[in-house]
Amino acid sequence: MIGSSTVSNWTPESWRKLPIKQQPVYESEDKLNAVLGEVKKLPPLIFVGEVERLKQQLAKAGNGESFVLQGGDCAERFQDCNREAIMQKLKIILQMSVVLCYGLRKPIIRIGRIAGQYAKPRSADMENVDGKDIPVYRGDIINSFEANAEARKPDPQRIKQAYFHSIATLNYIRALTKGGFADLHHPQSWDLKFVSNAPKKIEYERIVHNIQDAIVFMESLGSREEKLSSVEFYTSHEGLLLPLEEAMTQYMPEYDAHYNLGAHTLWIGDRTRQLDGAHIEYFRGIANPLGLKVGPSSDPRDIIAICNALNPKKDKGKINLISRYGNGKAGKHLPQLIEAMKDTPVVWSIDPMHGNAIKTESGTKTRSFDDILGEVKESLNIHKTAGSKVGGIHFELTGDDVTECIGGSAGITAEQLSRHYETYCDPRLNYSQSLEMAFLVSQLMSPKA
Ligand code: PEP
Ligand code: CO
């Protein structure tokens, strides 16, 4: 029957019967439903063919034939939906992907945390501001960052605003990636001013020079424009706010399956991946490739059960398993997980951000560049020993010159964080820290290393 689900006992709304975590409580169900009804009638953000293409590419990442670079804001903000901010984010992700492609000698699959990354899970429901308990900020799609009780009330109208901001963002990304912005004939300025350490600077400049040389060589061979001037770029966000995700879900008769057409791929957060919970129920019914975040609290048996629920046919490229244990902690968890998962196909990705949150003496949330790199190294070594293939990496980053994470060649100190601390949620690598991270990961993962 057209419109029915090929997944047993599943409908786009079957999650509603199950316990759910990390959701806002709206004052009026009617107002929420009215907005969802409007959003449902609007066109999708993406085309199903793109999703299937991504799935095929991810299958290659699982085999070690290509590599995923996933990155962007922790929490996207409506106010950053503008030409400059979108361009800067795209630029850093493209530059990182070129560095990784050169170092790893593999195609890079670029996935932004962008065009819909507006909902955040939080560790507490309330926070104390100036002696008053107010609800926490849950992302621009839910409430305002402004710290007062009224602004923090969940407002369903924000769901519609999020839809239009996502559309506007993705439209501009498509214009940039197809219109020549990504043209490697004219590489966007590779800004290495931040590197004060001379040997490092020489090394990074050598890589950039070699990359540009390789491009000129390719051009002279006649491998023409298309490949170099237009790049593929996919979107992703955490599939957290299920009423919205349900509204973005459509049955696609040509594939006889339901797809979420709000992003090419979505991920399930570490806090909402309960096997008998609403999120896994929703995601087991959609055909998009899915990310699954796995932190220190996870039991490998649960992760296998979740993977089986999400991907009973064990399709390659369906699940991107993103480990995020924290520097020095992967050794305790990752080897067992890899061993337990030997018959469960996944793309193994590393998120070296979410296990590495620290607070400075003055209480600012930050992460250290060395911890981030440390977890990458530790995880790569574990995979090497286990014989598993690392297929991707996941960063929180921005193309702007923010001061949110400490360290890197730019030497950002705890005292300097307040200079340009912008994030509404987790601290991100800035332009120079992101580019440097790409150089270092590319060296660590080079086939010559
Ligand atoms: C995130 O990616 O922003 C996030 C909240 O991650 P995790 O679920 O791994 O904590
Ligand atoms: Co985050």
> Of all residues in region 61-106, how many are away from ligand 1 (no atom under 16 Å from the Cβ), among the small types (Gly, Ala, Ser) and at positive phi?
Replying inline: 1
> Among the numbered criteria (1) within 19 Å of residue 140 (Cβ to Cβ); (2) touching a residue at least 24 places away in the same chain (Cβ under 8 Å); (3) surrounded by 15 or more Cβ atoms within 10 Å (Cβ to Cβ), which single criterion is violated by residue 27?
Replying inline: (3)
> Quick one: which of 297, 230, 220 is within 16 Å of ligand 1 (Cβ to nearest atom) and small (Gly, Ala, Ser)?
Replying inline: 297
>> Anything in region 145-184 that is of a type in the set (Val, Ile, Thr) and more than 19 Å from the chain's Cα centre (by Cα)? List them, or say none.
In response: 159
>> Looking at region 75-127 only, could you name the residues that are touching a helix residue (DSSP H, G or I) at 6+ places or on another chain (Cβ under 9 Å), within 16 Å of ligand 2 (Cβ to nearest atom) and hydroxyl-bearing (Ser, Thr, Tyr)?
In response: 118
>> Just to be sure I understand the filter: pairs with C-beta atoms under 7 Å, separated by 6 or more residues or on different chains, first member in region 107-122 and basic (Lys, Arg), second member within 11 Å of ligand 2 (Cβ to nearest atom). Which pairs pass?
In response: 113/72; 113/73; 120/75; 120/139; 120/425
> Only one of (1) of a type outside the set (Ser, Thr, Tyr); (2) in a loop (DSSP other than H, G, I, E, B); (3) touching a residue at least 12 places away in the same chain (Cβ under 8 Å) fails for residue 9. Which number is that?
Replying inline: (3)
>> If residue 23 satisfies all but one of (1) closer than 29 Å to residue 209 by Cα; (2) away from ligand 2 (no atom under 16 Å from the Cβ); (3) polar (S, T, N, Q); (4) outside any helix (DSSP H, G or I), what's the number of the condition it fails?
In response: (1)
> Just for region 124-157: of the residues that are surrounded by 15 or more Cβ atoms within 10 Å (Cβ to Cβ) and among the polar types (S, T, N, Q), which one is farthest from ligand 1 (Cβ to nearest atom)?
Replying inline: 144
>> Suppose we keep only residues that are crowded, with 19+ Cβ neighbours inside 10 Å and part of a loop (DSSP other than H, G, I, E, B) within region 414-449. Which one would you say is nearest to ligand 2 (Cβ to nearest atom)?
In response: 426
>> Go through region 169-182 and report how many residues are under 15 Å from residue 85 (Cα atoms), among the hydrophobic types (A, V, I, L, M, F, W, C) and surrounded by 14 or more Cβ atoms within 10 Å (Cβ to Cβ).
In response: 4
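Starting from residues that are among the small types (Gly, Ala, Ser) and over 20 Å from residue 398 (Cα atoms), keep the ones in region 100-134 and report whichever is nearest to the chain's Cα centre (by Cα).
So the first thing to find is which residues in region 100-134 are among the small types (Gly, Ala, Ser), and the list is 103, 112, 115-116, 119, 123-124, 131.
Checking which are over 20 Å from residue 398 (Cα atoms) leaves us with 103, 123-124, 131.
Numbers: 103: 22, 123: 19, 124: 22, 131: 35 Å.
Per the criteria, the residue is 123.
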>> So for region 337-344 (the condition being farther than 17 Å from residue 270 by Cα, within 16 Å of ligand 2 (Cβ to nearest atom), surrounded by fewer than 20 Cβ atoms within 10 Å (Cβ to Cβ) and among the aliphatic types (A, V, I, L, M)), does at least one residue qualify?
In response: no
> Which residue pairs have Cβ atoms closer than 7 Å, lie 6 or more positions apart in sequence or on different chains, and pair a first residue in region 255-281 that is more than 23 Å from residue 392 (Cα to Cα) and within 16 Å of ligand 1 (Cβ to nearest atom) with a second residue that is among the basic types (Lys, Arg) and part of a loop (DSSP other than H, G, I, E, B)?
Replying inline: 277/21; 279/273
>> Out of everything in region 366-394 that is in contact with a helix residue (DSSP H, G or I) (Cβ under 9 Å, 6 or more places away or on another chain) and within 16 Å of ligand 2 (Cβ to nearest atom), what residue ends up being farthest from residue 108 (Cα to Cα)?
In response: 366
> When you go through 324, 284, 301, 271 one by one, which is the residue that is surrounded by fewer than 22 Cβ atoms within 10 Å (Cβ to Cβ), within 16 Å of ligand 2 (Cβ to nearest atom) and basic (Lys, Arg)?
Replying inline: 271
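Considering each of 392, 363, 411 in turn, give the residue that is surrounded by fewer than 24 Cβ atoms within 10 Å (Cβ to Cβ) and either in contact (Cβ under 8 Å) with a residue 60 or more places away in the chain or within 26 Å of residue 306 (Cα to Cα) (or both).
Values: 392 fails: surrounded by fewer than 24 Cβ atoms within 10 Å (Cβ to Cβ); 363 fails: either in contact (Cβ under 8 Å) with a residue 60 or more places away in the chain or within 26 Å of residue 306 (Cα to Cα) (or both).
Criteria check complete, one pass: 411.
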> Among the numbered criteria (1) without any contact (Cβ under 8 Å) to a residue 60 or more places away in the chain; (2) among the β-branched types (Val, Ile, Thr); (3) more than 16 Å from ligand 2 (Cβ to nearest atom), which single criterion is violated by residue 358?
Replying inline: (3)
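Condition check ((1) modelled with pLDDT under 95; (2) surrounded by 10 or more Cβ atoms within 10 Å (Cβ to Cβ); (3) farther than 27 Å from residue 235 by Cα; (4) polar (S, T, N, Q)) across all residues:
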| site | (1), (2), (3), (4) |
| --- | --- |
| 5 | yes, yes, no, yes |
| 12 | no, yes, no, no |
| 17 | no, no, yes, no |
| 21 | no, yes, no, no |
| 43 | no, no, no, no |
| 46 | no, yes, no, no |
>> For region 107-123, give me each residue that is within 11 Å of ligand 1 (Cβ to nearest atom) and out of contact with any Asp or Glu (no Cβ under 7 Å at 6 or more places or on another chain).
In response: 120, 121, 122, 123
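The values are calculated or read from the model by the stated rules, or taken from the named source; none is laboratory data. Bear in mind that the values here come from a model prediction, so they are computed numbers and not experimental data. Every residue, glycine as well, gets a Cβ built from its backbone with ideal geometry; the counts of neighbours run over all protein chains shown.
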